[in-house]
Amino acid sequence: MKRCFFIAAMALSLGSCGFGPAVSYKVGLSNVEAPADAKRQYGQTKIVSLEKEGKTNYRYEDDYLDVTWYVGRTQLAFGLKNKSGHSIKIPWDDVVYINVNGQSGRVMHSGVKYIDRNSSQPASVVPKGASLNDVIIPTDNIYYVSGKYGGWRELDLFNFKIDLSNFDISKQAVVGQSIRILLPVVMEDVKNEYVFEFKIQDVLKQ
């Protein structure tokens, strides 16, 4: 069964079940580790902080890429524009998701069947000046439920237990937790790795 993916504009609230009504997470793009020189294989990197005065950010831009992220409940959607003068490739087999516990794993993207999530995935090519809209889902978060009402399911990116009777204190253990995406980009046969970090900035009652 093939899964249809949708990039919902500004899908930034992440629902999760706490001890009672659902809560939502305010998540922003906090840091990006980017190549200092994208034409050098595994050259020096730089850390770009996107947290300024408590404002939430979802966009990163340099001389080569312009990337906007939308963080959903179970997946991350993004729009990537190639600003360079050359075609670039996204080697999906090398993209890595790092969860809140620091554990890394494979991802799948739009057009891949759930049952094929652990198979090799062809690279996406983005010509110069062109854009790519896609989604990222951690394969470890995908599972199958048997039975009449079963089927494929996706776990939430964030699934913390929030004690609503002691909400303000309970949420402090969650604020600051983060996930990361390691996104390799190949340009002129040079592979460089971008690391995007998404941090929980606040937890809100629904």
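The values are calculated or read from the model by the stated rules, or taken from the named source; none is laboratory data. Being a predicted model, the structure only gives us computed values, none of them experimental. Neighbour counts are summed over all protein chains in view; Cβ atoms, including those assigned to glycine, are modelled from backbone coordinates with ideal geometry. Heavy atoms of the whole protein, side chains included, go into the accessibility calculation; ligands, DNA and RNA do not. Shrake-Rupley method; radii C 1.70, N 1.55, O 1.52, S 1.80 Å.
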Along Cα→Cβ, 7 Å out, is where each label goes; now give me the distance between the ones at residue 48 and residue 190 in nm to one decimal. 1.6
Need the list of aspartates and glutamates near residue 205 for cross-linking: C-alpha distance under 16 angstrom, and skip anything on the same chain fewer than eight residues off. 163, 168
For residue 121, distant residues with modelled amide H under 5 Å away: 93
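Using 0.36 nm per residue of separation minus the Cα-Cα distance, give me the extension gain between residue 103 and residue 163 in nm, one decimal.
Working: separation 60, 0.36 × 60 = 21.60 nm, distance 2.52 nm.
Full-extension gain reported as 19.1 nm.
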For residue 74, which sequence-distant residues (separation of 5 or more, or a different chain) have an amide H within less than 5 Å of its own amide H, given hydrogens modelled in the peptide plane? 157
With a Förster radius of 41 Å, plug the Cβ-Cβ distance of residue 115 and residue 26 into 1/(1 + (r/R0)^6) and report the FRET value to the nearest 0.05. 0.75
Suppose R0 equals 41 Å; then what is the FRET efficiency for residue 145 and residue 62 from their Cβ-Cβ distance, rounded to the nearest 0.05? 0.45
Could you pull out every one of the aspartates and glutamates with an alpha carbon less than 17 Å from that of residue 161, ignoring same-chain neighbours closer than 8 positions? 202
List, in order, the whole-Hz ³J(HN,Hα) value for each residue of the stretch 152-161 obtained from phi through the Karplus relation with A = 6.51, B = -1.76, C = 1.60 and θ = phi - 60°; use x for Gly and Pro. 6, 9, 10, 6, 5, 5, 10, 9, 7, 8
Compute the accessible area per residue over the stretch 106-192, keeping the other protein chains in place, probe 1.4 Å, unit Å². 53
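Would you mind checking 46/171; 113/199; 171/199 for any pair whose Cα atoms are more than 23 angstrom apart? Before the final figure, lay out each step's value.
Numbers: 46/171 31 Å; 113/199 29 Å; 171/199 14 Å.
Violating the 23 Å Cα-Cα cut-off are 46/171; 113/199.
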Could you give the size of the charge dipole of the stretch 55-206 about its Cα centre, using +1 on the Cβ of each K and R and -1 on the Cβ of each D and E, expressed in debye and rounded to the nearest 20? 460
